[in-house]
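Below are the structure tokens for one structure; questions will follow.
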Ligand SMILES: [Zn+2]
């Protein structure tokens, strides 16, 4: 179901406004004679919808259901109360689950600490995995009314009431807490609010079950999914992407094995997308027959002498520029200095004529594409260092990595063109032919 839209006064380039007609989900040169929903965007920048070219949707949605309660995460979130309230705001109903709580570092925790926060029902696992801490709402849902029926491991206070601490009751809890299906719809809505109108799911284990789940979610985005096996049919609503081949540096296949897998995918009419985060795996992938129709995922370490081989083979390279921001300090500390210039290249890829696209790699990276655009343009780490200044792109050039030849979806910014590299507020998106005004802007 799509609308026929006429966006009045759309700035499709700085200083250039036009009316933009989108009919049946396609941008058309001339509006047809039928009824249009007319929307005046008042000269706001209108960009092609963003594509996250590498994301793990199911894992990202599942990760959102767990609150990281490790000392570092709590410090970053402004404390336990702030972290839990934020998680509750993102998931208004059902159980919250916290993991990684460190009693030694963050202090003892039981229902007396949790109840005043009124975020329940909630269960928080301590970092040893032995104990769970529940609030009163959680206890009320799970514990039998008669304390005589409680399992051993339910800690009691002097008045024989449950304190909320449960020891070695993992299995018991698992049987009783309702299972939650990862909330893909909430993830899709959030991504749309950041201007993401298309997604490529890079799940290495994707099979019929995962494809069905992605199709059933009814995401606002156009979804392409990689798969583990070449012989898979995609359900309606999901496009088939490349065959994903994950090269684990600790357990690399033989060159013959890899070449056979690449060949089998090509024989089945599929491209391959090879995960490579090292020089060895990249050289191997290129030797195994990865070519212009294929993709290299990450290409996070490409020494000077390997770059020409990559250019000659000509695969698309799918990068994660936000990792410069989120992991750059660690790279600078841990990767030998002589390898720094080969880390998370951008400018030298683009300059060499490679087709470069970007993704978030969420949940292993932050799903916000604008963090990646900003990091691609300033190459700054969270700690304020610069990693590979020569690899920086302009904000507009960086944004192009999230765009695709498919330009039928658009993002309407609520800021000027000068804000491209500065996480601009989003006014609305048109995804799959539907206009959606963006009202909330928050982290995922
Ligand atoms: Zn990935």
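The values are calculated or read from the model by the stated rules, or taken from the named source; none is laboratory data. Just so it is clear, the structure is predicted and the values come from calculations on it, not from any experiment. All Cβ positions, glycine included, derive from the backbone under ideal geometry; neighbour counts span all protein chains shown.
Give 341, 325, 345 a once-over and let me know the one that is touching a residue at least 24 places away in the same chain (Cβ under 8 Å) and buried (at least 23 other Cβ atoms within 10 Å of the Cβ). Walk me through how you get there before you give the answer.
Numbers: 341 fails: buried (at least 23 other Cβ atoms within 10 Å of the Cβ); 325 fails: buried (at least 23 other Cβ atoms within 10 Å of the Cβ).
Criteria check complete, one pass: 345.
Quickly run through the range 172-188 and pick out the residues that are modelled with pLDDT of 85 or more and closer than 22 Å to residue 155 by Cα.
Once the filter is applied, which keeps residues that are modelled with pLDDT of 85 or more and closer than 22 Å to residue 155 by Cα, the range 172-188 yields 172, 173, 175, 176, 177.
Which of the following residues is part of a helix (DSSP H, G or I), away from the ligand (no atom under 15 Å from the Cβ) and touching a strand residue (DSSP E or B) at 6+ places or on another chain (Cβ under 7 Å): 373, 311, 350?
Residue meeting the stated conditions: 350.
In the range 52-77, how many are within 16 Å of the ligand (Cβ to nearest atom), assigned to a helix (DSSP H, G or I), at pLDDT 90 or above and out of contact with any helix residue (DSSP H, G or I) (no Cβ under 9 Å at 6 or more places or on another chain)?
0
Of the numbered conditions (1) without any contact (Cβ under 8 Å) to a residue 24 or more places away in the chain; (2) in a strand (DSSP E or B), residue 6 satisfies every one except a single condition; which is it?
Status for residue 6: all satisfied but (1).
Then there is this: Among the residues of the range 435-442, is there at least one that is assigned to a loop (DSSP other than H, G, I, E, B) and surrounded by 14 or more Cβ atoms within 10 Å (Cβ to Cβ)?
Looking only at the range 435-442, we keep the residues that are assigned to a loop (DSSP other than H, G, I, E, B), and these are 438-442.
Add one more test, that the residue is surrounded by 14 or more Cβ atoms within 10 Å (Cβ to Cβ), and what stays is 438.
Looking through the range 435-442, at least one residue is assigned to a loop (DSSP other than H, G, I, E, B) and surrounded by 14 or more Cβ atoms within 10 Å (Cβ to Cβ).
So for the range 16-39 (the condition being outside any helix (DSSP H, G or I), in contact with a helix residue (DSSP H, G or I) (Cβ under 7 Å, 6 or more places away or on another chain) and crowded, with 19+ Cβ neighbours inside 10 Å), does at least one residue qualify?
no
Counting just the residues of the range 251-280 that are within 19 Å of residue 299 (Cβ to Cβ) and in a loop (DSSP other than H, G, I, E, B), which one comes out nearest to the ligand (Cβ to nearest atom)?
My answer is 277.
Of all residues in the range 359-370 being within 14 Å of the ligand (Cβ to nearest atom) and farther than 15 Å from residue 64 by Cβ, which is surrounded by the most Cβ atoms within 10 Å (Cβ to Cβ)? Explain how you work it out, then say what you get.
Of the range 359-370, the ones within 14 Å of the ligand (Cβ to nearest atom) are 359-367.
Add one more test, that the residue is farther than 15 Å from residue 64 by Cβ, and what stays is 359, 361.
Working: 359: 27, 361: 24.
Among those that are within 14 Å of the ligand (Cβ to nearest atom) and farther than 15 Å from residue 64 by Cβ, it is 359.
Can you give me the number of residues within the range 208-245 that are in a loop (DSSP other than H, G, I, E, B) and out of contact with any strand residue (DSSP E or B) (no Cβ under 6 Å at 6 or more places or on another chain)?
11
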